[in-house]
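**Q** Take this structure, written in structure tokens, and hold onto it; I'll ask about it next.
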Amino acid sequence: MNEVCRKHFPKPIRITLALLCGLAVCLVSPRSLAQELKPSAEKRPAMRVPITHVERARYPVVDVHTHFLVKGRHDQELLDRYVEWMDRNGIAVCVSLDAQIPGKIGEHIDFLWAHHQDRFVIFANLDFLGNGDRERPETWACNQTGFVREMCERLSNEAKRGRISGLKFFKDFGLRYRNADGSLIAIDDPRWDPIWECCAQHKIPVIMHTADPSAFFQPTDEDNERSTELKAHPEWSFAGSEYPSRASLHEARNRVLARHPETIFIGAHFANDAEDLQELSRWMDTYPNLTIEFASRLNELGRQPYSARKFFEKYQDRIMLGTDGPFPEERLRIYWRFLETWDEYFLYSEKSPPPQGDWRIYGIGLPPEILKKVYHANAARIIPGVADRIAPFLSNSP
């Protein structure tokens, strides 16, 4: 075909035809070329910057956000393998958030403590559904008379026995759990006040996952910077009118913080506002009972290293490390690299493409005095059971 064109058409016409053909392809499939291109975070950067290989955390670590109930079951092989990774990476203690009350709390405790009681503390979470029909909220445990009283009694009993060190609320609280009439349960519903008061009485913190990243509440279109992730996990999108706004969820949680100043709350995932540290700073200043951890938020913190480092400096006594693991060692070492080095423009995940946005991150090079607080000192002060478990590791630490 090209030979025919060269024989029968002069060069100017051949050029014009080629341009028109290219335009036609773009008009027919305007996204085809873009879809073939790799995300920028996956491409091999041309620049050359120093790379620091951090094989082990500089100081003993307490990971305050882990899940060892995987798809509803306990995996002994995973647990044993992960303890080996903990040893290699300097993780002294993990906080598991998966002991459900009144469900399989005993089974979960036995699973973790049979061989590794010195390495794990446990947070409970409440079984809102019970044996009810998922499609009929009026049958759920949380809508039955005496639910809150029973939960307080069980929490109190477990805390007195030293079997739990805190309470976890998942994001379904405010987004999916419903009242008997089908309306969403409000985070600041006064019915739950006795639970917050019970935690204050026993000095156990409440780690609360409220809302999600802002992108998850925006339309899943090409302008959404996390559209690839949301298309892979459509169940993570809360952009529909059937869900409350992200701001209203945060406001409801903050009203609970204000109403219960003696209860320590841990904002999971940097209180789900890592992309707006100015707003989070206002919350930290307003609610002294709010502490935070940054599980699965390296992607947000690492792309704003100047602001993130200033934030860590200002709130160094109220920030703890969490990973949302267990994750492979490659992911753990990215945490150490982010916190300990000044490395530039590196991937925040071992996965390709990176799962939480098409960008790379920068280290924030925390000094030793802040590193120690973030790695273990804050958790040892706030979470019962951590100080005793980490003491042997600190005696051998620089």
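**Q** Considering only the range 302-309, I want to know if a residue exists there that is among the hydroxyl-bearing types (Ser, Thr, Tyr) and either surrounded by 17 or more Cβ atoms within 10 Å (Cβ to Cβ) or not assigned by TED's automatic domain parsing to the domain that holds residue 91 (or both). Spell out how you get there, then give the answer.
**A** Initial filter on the range 302-309 (among the hydroxyl-bearing types (Ser, Thr, Tyr)): 306-307.
Within this subset, residues satisfying the condition of being either surrounded by 17 or more Cβ atoms within 10 Å (Cβ to Cβ) or not assigned by TED's automatic domain parsing to the domain that holds residue 91 (or both) are none.
No, there is no match, as no residue in the range 302-309 is among the hydroxyl-bearing types (Ser, Thr, Tyr) and either surrounded by 17 or more Cβ atoms within 10 Å (Cβ to Cβ) or not assigned by TED's automatic domain parsing to the domain that holds residue 91 (or both).
**Q** Search the range 47-74 for residues being surrounded by 13 or more Cβ atoms within 10 Å (Cβ to Cβ) and aliphatic (A, V, I, L, M), and hand back the single one that is farthest from residue 96 (Cα to Cα).
**A** Looking at residues that are surrounded by 13 or more Cβ atoms within 10 Å (Cβ to Cβ) and aliphatic (A, V, I, L, M), I get 54.
**Q** Of all residues in the range 350-387, which are in contact with an Asp or Glu (Cβ under 9 Å, 6 or more places away or on another chain), without any contact (Cβ under 8 Å) to a residue 60 or more places away in the chain and within 25 Å of residue 119 (Cβ to Cβ)?
**A** Result: 350, 366, 370, 373, 377, 381.
**Q** For residue 347, indicate whether it is touching a residue at least 60 places away in the same chain (Cβ under 8 Å) and not charged (D, E, K, R).
**A** The answer is yes for residue 347.
**Q** So how many residues does the range 186-215 have that are hydrophobic (A, V, I, L, M, F, W, C) and part of a helix (DSSP H, G or I)?
**A** 7
**Q** Grab the helices (runs of 4 or more DSSP H) fully contained in the range 291-398, keeping just those with 2 or more residues being modelled with pLDDT of 95 or more and touching a Cys at 6+ places or on another chain (Cβ under 8 Å).
**A** Numbers: elements: 298-301, 305-314, 329-340, 368-372, 378-382, 386-395.
Helices (runs of 4 or more DSSP H) meeting the threshold: none at all.
**Q** Among the candidates 136, 149, which residue alone is of a type in the set (Lys, Arg), under 21 Å from residue 264 (Cα atoms) and modelled with pLDDT of 95 or more?
**A** 149
Listed here are the residues, each with its yes/no results for (1) at pLDDT 85 or above; (2) in contact with a Cys (Cβ under 6 Å, 6 or more places away or on another chain); (3) not in a helix (DSSP H, G or I).
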residue	(1), (2), (3)
3	no, no, no
14	no, yes, no
21	no, no, no
35	no, no, no
38	no, no, yes
43	no, no, yes
57	yes, no, yes
62	yes, no, yes
94	yes, no, yes
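**Q** Could you grab me the full set of residues in the range 129-184 that are of a type in the set (D, E, K, R) and closer than 20 Å to residue 210 by Cβ?
**A** Quick first cut of the range 129-184, residues of a type in the set (D, E, K, R) only: 133-136, 138, 149-150, 153-154, 158, 160-161, 163, 168, 171-172, 176, 178, 181.
Selection gives 168, 171, 172, 176, 178.
**Q** Separate question: I'd like to know if the range 89-108 contains one or more residues that are free of Cβ contacts under 8 Å to residues at least 40 places away in the same chain and among the aliphatic types (A, V, I, L, M).
**A** no
**Q** Next question. Search the range 216-244 for residues being in a loop (DSSP other than H, G, I, E, B) and of a type in the set (Gly, Ala, Ser), and hand back the single one that is nearest to residue 172 (Cα to Cα).
**A** So, considering only residues that are in a loop (DSSP other than H, G, I, E, B) and of a type in the set (Gly, Ala, Ser), the one nearest to residue 172 (Cα to Cα) is 237.
**Q** Going by the conditions given, is residue 265 under 16 Å from the mean Cα position of the chain (by Cα) and either of a type in the set (A, V, I, L, M, F, W, C) or over 21 Å from residue 299 (Cα atoms) (or both)?
**A** Details: under 16 Å from the mean Cα position of the chain (by Cα): yes; either of a type in the set (A, V, I, L, M, F, W, C) or over 21 Å from residue 299 (Cα atoms) (or both): yes.
Criteria met by residue 265.
**Q** Here is a follow-up. Scan the range 68-81 and report the pairs whose first residue is free of Cβ contacts under 8 Å to residues at least 40 places away in the same chain and in the same structural domain as residue 115 (by TED's automatic domain parsing) and whose second residue is part of a helix (DSSP H, G or I) and surrounded by 12 or more Cβ atoms within 10 Å (Cβ to Cβ), with Cβ atoms within less than 6 Å and a gap of 6+ or a chain change.
**A** If the second residue must be part of a helix (DSSP H, G or I) and surrounded by 12 or more Cβ atoms within 10 Å (Cβ to Cβ), the pairs left are 74/111.
**Q** Can you find a residue that is surrounded by fewer than 17 Cβ atoms within 10 Å (Cβ to Cβ), within 26 Å of residue 112 (Cβ to Cβ), out of contact with any helix residue (DSSP H, G or I) (no Cβ under 8 Å at 6 or more places or on another chain) and in contact (Cβ under 8 Å) with a residue 12 or more places away in the chain anywhere in the range 130-139?
**A** no
**Q** Only one residue in 187, 164 is closer than 30 Å to residue 241 by Cβ and in contact (Cβ under 8 Å) with a residue 60 or more places away in the chain, so which one is that? Walk me through how you get there before you give the answer.
**A** Values: 164 fails: closer than 30 Å to residue 241 by Cβ.
Of 187, 164, the one residue that is closer than 30 Å to residue 241 by Cβ and in contact (Cβ under 8 Å) with a residue 60 or more places away in the chain is 187.
**Q** Restricting to the range 111-162, name every residue that is part of a strand (DSSP E or B) and either more than 30 Å from residue 393 (Cβ to Cβ) or touching a Leu at 6+ places or on another chain (Cβ under 6 Å) (or both).
**A** Across the range 111-162, the qualifying residues are 120, 123, 124, 126.
**Q** Let me ask something additional. Looking only at residues that are of a type in the set (Asp, Glu) and touching a helix residue (DSSP H, G or I) at 6+ places or on another chain (Cβ under 8 Å) in the range 243-286, which one is surrounded by the most Cβ atoms within 10 Å (Cβ to Cβ)?
**A** Checked the range 243-286; the qualifying residue surrounded by the most Cβ atoms within 10 Å (Cβ to Cβ) is 273.
**Q** Residues 172, 193: which one is at pLDDT 95 or above, under 24 Å from the mean Cα position of the chain (by Cα) and in the same structural domain as residue 210 (by TED's automatic domain parsing)?
**A** Exactly one residue qualifies, and that residue is 172.
The values are calculated or read from the model by the stated rules, or taken from the named source; none is laboratory data. All of these numbers come straight from a predicted model, not from anything done at the bench. Neighbour counts run over all protein chains shown; Cβ positions are idealised from the backbone, glycine included.
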